[in-house]
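J.: Pasting a structure here, questions to come.
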């Protein structure tokens with residue numbers, strides 16, 4: 001039975017690698033600064049309130065919005081999820 005699953009495990013690993021690469025490419029073209037501003041506008045949140053919702057500091061959100069720093073991958077996933085949930089176009093860089 002174990003030998004039977006080996007090809008499927010290899011296929012799964014390949015598909016997972018492709019998925020990860022596509023996710024990386026997708027993130028390279030997203031403008032998080034605009035997305036965060038659009039999210040805050042739609043949800044009527046201040047930077048402090050958005051920071052609390054994201055579990056980061058006000059200064060971090062401020063840096064993201066001013067393009068001084070990019071969000072971590074964990075934060076990017078949350079931002080993308082919030083944008084999808086609220087039907088906000090992420091836009092391209």
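The values are calculated or read from the model by the stated rules, or taken from the named source; none is laboratory data. All values reported here derive from a predicted model rather than from experimental measurement. For neighbour counting, all protein chains shown are included, and Cβ atoms are generated from backbone atoms with ideal geometry for every residue, glycine included.
J.: Under the condition of being within 11 Å of residue 32 (Cα to Cα) and not in a helix (DSSP H, G or I), which residue from region 42-67 is nearest to the chain's Cα centre (by Cα)?
T.: Residue satisfying both the conditions and the ranking: 67.
J.: Hey, another quick one. So, of the residues in region 81-92 that are in contact with a helix residue (DSSP H, G or I) (Cβ under 8 Å, 6 or more places away or on another chain) and assigned to a helix (DSSP H, G or I), which turns out to be surrounded by the fewest Cβ atoms within 10 Å (Cβ to Cβ)? Steps first, please.
T.: To start, the set of residues in region 81-92 that are in contact with a helix residue (DSSP H, G or I) (Cβ under 8 Å, 6 or more places away or on another chain) comprises 82-83, 86, 88-91.
Now drop any that are not assigned to a helix (DSSP H, G or I), which leaves 82-83.
Details: 82: 18, 83: 20.
Here the answer is 82.
J.: Can I ask one more? Say whether the condition of being out of contact with any helix residue (DSSP H, G or I) (no Cβ under 8 Å at 6 or more places or on another chain), at negative phi and not in a loop (DSSP other than H, G, I, E, B) is met by at least one residue in region 68-76.
T.: Yes, that holds for at least one residue.
J.: Could you tell me whether residue 64 is at pLDDT 85 or above and either surrounded by 13 or more Cβ atoms within 10 Å (Cβ to Cβ) or at negative phi (or both)? Talk me through it step by step, then tell me what you get.
T.: Details: at pLDDT 85 or above: yes; either surrounded by 13 or more Cβ atoms within 10 Å (Cβ to Cβ) or at negative phi (or both): yes.
Here the answer is yes, as residue 64 does meet what is asked.
J.: Which ones in region 1-40 are within 18 Å of residue 75 (Cα to Cα) and at pLDDT 75 or above?
T.: Residues satisfying the conditions are 31, 32, 33, 34, 35, 36, 37, 38, 39, 40.
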